[in-house]
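Report on the structure given below.
The values are calculated or read from the model by the stated rules, or taken from the named source; none is laboratory data. Every value quoted in this text rests on a predicted model; they were computed, and no experiment measured them. Reconstructed Cβ throughout: ideal geometry from the backbone, glycine too, with neighbour counts over all protein chains shown.
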Amino acid sequence: METKPGASFSYLMRPSIPGETPAAQPLSQQSTEIEAQLVQLLIKSGLFLQRELNQVCQQYGLSINQFSVINEIVLQGPVSQKMLCERLLSEKSNISKIVKILLDKKLISVSVAPNDRRSTLLIETAQGAELWRKCLQHFHESSTELMAILSDQETKKTVKLLKKLERVFIRSAGEN
């Protein structure tokens, strides 16, 4: 999935004074090296997980991007295409193409938003929810050995930290 143009790593810079722009404070050498390691580890982890999940998705006739859209809809509940773009850090045109494919496959459907009859929301169909469950179960079975190295507490802490980063990524993408 393509990211929004202009997205940068500026969210990794820390302001020294509240309200000061992040680029104004140079990071120490040690801090820069640690953050470079973090970025590299996130990239490696993401690529590895993407490769593994892609193999699972292909077995069910989905691309990883299609799975990502279904996953977001299932986890967030009914969601607009605009919200999908923001949450998945993707362009509107990419999400529109994926949504059309998923609608054609009858894995999602469109409903009128209850609060605003002019807006529409995407929801998973029973078939989409079942395919989502099968993909996740298959991925879980294939990654059990990988995830076994983390305790439940470590897994929860990792998820908490990654959600914190995700909020920053989404906020940063919305500013660009």
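Would you be able to tell me the number of residues in the range 160-176 that are over 15 Å from residue 88 (Cβ atoms), modelled with pLDDT under 85 and in contact with a helix residue (DSSP H, G or I) (Cβ under 8 Å, 6 or more places away or on another chain)?
Here the count works out to 0.
With the structure loaded, tell me whether residue 111 is hydroxyl-bearing (Ser, Thr, Tyr), surrounded by 10 or more Cβ atoms within 10 Å (Cβ to Cβ) and within 21 Å of the chain's Cα centre (by Cα) or whether it fails that test.
For residue 111, the condition - hydroxyl-bearing (Ser, Thr, Tyr), surrounded by 10 or more Cβ atoms within 10 Å (Cβ to Cβ) and within 21 Å of the chain's Cα centre (by Cα) - is not met.
Mind checking whether some residue in the range 121-144 is loosely packed, with under 11 Cβ neighbours inside 10 Å, small (Gly, Ala, Ser) and over 25 Å from residue 57 (Cα atoms)?
No: zero hits.
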